[in-house]
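Data first, discussion second: the structure below is written as structure tokens.
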Amino acid sequence: MKRVAIVPVKRLSQAKMRLSLVLTPKERKAISEMMLKDILEALKDSDMLDDVIVIGSDTSVKRLAKVYRGKFLKEPSTGLNMSIEYATKQSRKNGATSLLVALADIPLVNKTDIEQVIGLGLDAAAVISPSRAEGTNALLRTPPDVIQTEYGIGVLSITLDVFKKEISFSRYCGLPLCRSMWTLREIFGNFFKGVWTRIRQSS
């Protein structure tokens with residue numbers, strides 16, 4: 001079994017545009033980079049992964065991938081689903097038999113979160129961890145082509161229908177990975193204040 005993680009990363013300058021009313025471009029980029037570091041750190045620390053592929057286009061993302069011992073893959077075109085599909089094909093060519101797709105903007109993710117998802121997949125064809133916006137934060141597939149990737153707001157119900165129809169054994173994961181920063185209300189909650197404190201401390 002060769003288990004590989006894929007982390008798709010959009011341009012950091014374009015990340016978290018929904019927060020543009022309350023945060024400057026520099027602050028949005030700082031939050032995005034911090035969350036990317038969290039996910040890369042969690043993946044690096046896990047003994048249950050053989051490889052980590054970071055797919056994106058930014059030079060700074062390439063540098064971070066190297067710092068956290070991941071491999072950088074230049075995305076061939078824009079679009080989350082196309083990037084994931086491209087990284088999936090490249091990983092399969094290199095012998096991957098199980099793929100974990102983890103988005104780069106999951107706040108405060110850690111090794112335990114990652115290994116809980118992987119643990120559920122030890123006897124399941126697929127594991128899905130939903131976001132609050134009815135999208136998907138993490139998707140584990142064994143084998144990698146057991147289900148086609150379909151990311152975006154509101155596509156969770158479509159993915160679950162595919163689970164029921166096409167996959168004989170799957171898991172729906174309601175774990176700490178079910179976190180996202182989409183609404184303005186959450187920005188002013190205690191959770192966001194913790195992230196904000198970290199930005200101020202590192203700046």
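Okay, residues lined up against (1) among the aliphatic types (A, V, I, L, M); (2) under 22 Å from residue 112 (Cβ atoms); (3) in contact with a strand residue (DSSP E or B) (Cβ under 8 Å, 6 or more places away or on another chain):
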residue	(1), (2), (3)
27	no, no, no
34	yes, yes, no
44	no, yes, yes
48	yes, yes, yes
55	yes, no, yes
60	no, no, no
69	no, yes, yes
79	no, no, no
82	yes, no, no
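Out of curiosity, is residue 77 in a loop (DSSP other than H, G, I, E, B) and at pLDDT below 85? In short, yes. Taking region 34-45 as the range and being crowded, with 20+ Cβ neighbours inside 10 Å and either at pLDDT below 85 or in contact with a Ser or Thr (Cβ under 9 Å, 6 or more places away or on another chain) (or both) as the test, only 42 passes.
Residues of region 72-127 that are of a type in the set (Val, Ile, Thr) and in contact with a helix residue (DSSP H, G or I) (Cβ under 9 Å, 6 or more places away or on another chain): 101, 106, 109, 112, 114, 127. Could you check residue 116 against (1) buried (at least 20 other Cβ atoms within 10 Å of the Cβ); (2) of a type in the set (S, T, N, Q); (3) touching a Leu at 6+ places or on another chain (Cβ under 6 Å); (4) assigned to a helix (DSSP H, G or I) and say which number it fails? Just one mismatch for residue 116, condition (1). The set of residues in region 53-74 that are closer than 19 Å to residue 138 by Cβ and assigned to a loop (DSSP other than H, G, I, E, B) comprises 68, 70. Does residue 83 satisfy the condition of being modelled with pLDDT of 95 or more and closer than 20 Å to residue 147 by Cα? No: the conditions fail for residue 83. Counting residues in region 70-80 that are within 21 Å of residue 1 (Cβ to Cβ) and either surrounded by 15 or more Cβ atoms within 10 Å (Cβ to Cβ) or free of Cβ contacts under 8 Å to residues at least 60 places away in the same chain (or both) gives one or more.
For region 177-196, does any single residue satisfy the condition of being modelled with pLDDT of 50 or more and assigned to a loop (DSSP other than H, G, I, E, B)? Yes, the conditions are met somewhere in region 177-196. From the list 87, 104, 30, the lone residue that is surrounded by 15 or more Cβ atoms within 10 Å (Cβ to Cβ), over 20 Å from residue 139 (Cβ atoms) and in contact (Cβ under 8 Å) with a residue 12 or more places away in the chain is 30.
The values are calculated or read from the model by the stated rules, or taken from the named source; none is laboratory data. Bear in mind that the values here come from a model prediction, so they are computed numbers and not experimental data. Note: ideal-geometry Cβ built from the backbone for every residue, glycine included; neighbour counts use all protein chains shown.
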